[in-house]
Amino acid sequence: MDNSNLISKTIDFVKDQLKNAEGGHDWFHIERVYKNALLIAKTEDVNLQVVQLAALLHDIADSKFHNGDETVGPQKAREFLFEQNVSSEIIEHVVSIIANMSFSKSLGEETLFHSPELEVVQDADRLDAIGAIGIARAFNYGGFKNRPLFNPSIKSNLNMSKEAYKNSTAPTINHFYEKLLLLKDKMNTKTGRRIASDRHTFMEQYLEQFYAEWDGEK
């Protein structure tokens, strides 16, 4: 199967898997990450097919929506790629990226898988978690989980373990300090860092406005 046909089939598969997904983790999230990944890959020495497949398949079964089970997504990706007769080398690389790219993985102490392709897809995914889209996704998910917007009495936890992060029920504003504002300095690539810098500044400006409105100053 040629690559364009494989990518087309992968897109159809992902759209079907995510047809009822929460708004911040739906097909449009995948599409944005895919576009970000292609942009970043232009300036990196990577296997483009691996980047494309990992970007498209990275969230087909996010553990947040599967009782914290981190094995569902990688397994679904493996089964799909096997059915498409993708080489075992490519399958293993894509599955390893999916299994190791989440933010929560960076909070653990386990040895992580690394590759230039993972760095590209991870940056692309993290870019979609910050800036205007990131703010929208954060509040959409907070509403999905019925969390408060903000509670001044609940302080952000900047030293969370992986399990504490995954089990957090804190207000959405706390998520800015516990993840979103940390992502700029976790970017892997030059292009990722450049785009993240602008989006980070926008989030800081948003928070300044949020607190001013919260306190009745504006």
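Could you work out [θ]222 nm for the chain from helices alone, using -39500 (n - 2.57) per DSSP H run of at least four and dividing by all its residues? Round to the nearest 500 deg cm²/dmol.
Working: 10 runs with 128 residues, N = 218.
Calculated from helices alone, the mean residue ellipticity at 222 nm is -18500 deg cm²/dmol.
Which of the pairs Lys76/Lys155; Lys19/Lys190; Lys15/Lys42; Lys19/Lys145 have their Cα atoms more than 27 Å apart in this structure?
Checking Cα-Cα distances, Lys76/Lys155; Lys19/Lys190 exceed 27 Å.
Show which aspartates and glutamates lie in cross-link reach of Lys184 when reach means a straight Cα distance below 13 angstrom and same-chain residues fewer than eight apart are skipped.
Hits, sequence-local ones excluded: Asp123, Asp125, Asp128, Asp198, Glu204.
Rule-of-thumb check for the chain: C-alpha Rg over 2.2 N^0.38 Å?
Numbers: Rg = 17.6 Å, N = 218, 2.2 N^0.38 = 17.0 Å.
Compared with the compact-globule rule of thumb, the chain sits at 1.04.
Could you work out the relative contact order of the chain, using alpha carbon pairs under 8 angstrom and six or more residues apart, expressed as a whole percent?
20 percent
Using 5 Å bins from zero, what percent of all Cα-Cα pairs in the range 1-54 falls into each bin?
Spelled out bin by bin, the range 1-54 gives 4, 18, 26, 23, 17, 9, 2, 0 percent.
Choose one answer from Gln205, Gln75, Gln49: the residue with the largest mean-square fluctuation in a GNM of the chain with alpha-carbon springs under 10 Å.
Gln205
Rounded to the nearest 10 degrees, what's the angle between the helix 3-17 long axis and the longest principal axis of the chain, both from Cα atoms, 0 to 90?
The helix 3-17 is inclined about 50 degrees to the chain.
Readers should treat all values here as calculations from the given coordinates under stated rules, not as data from a laboratory. Keep in mind that what you see is a predicted model, and the values were worked out from it rather than measured.
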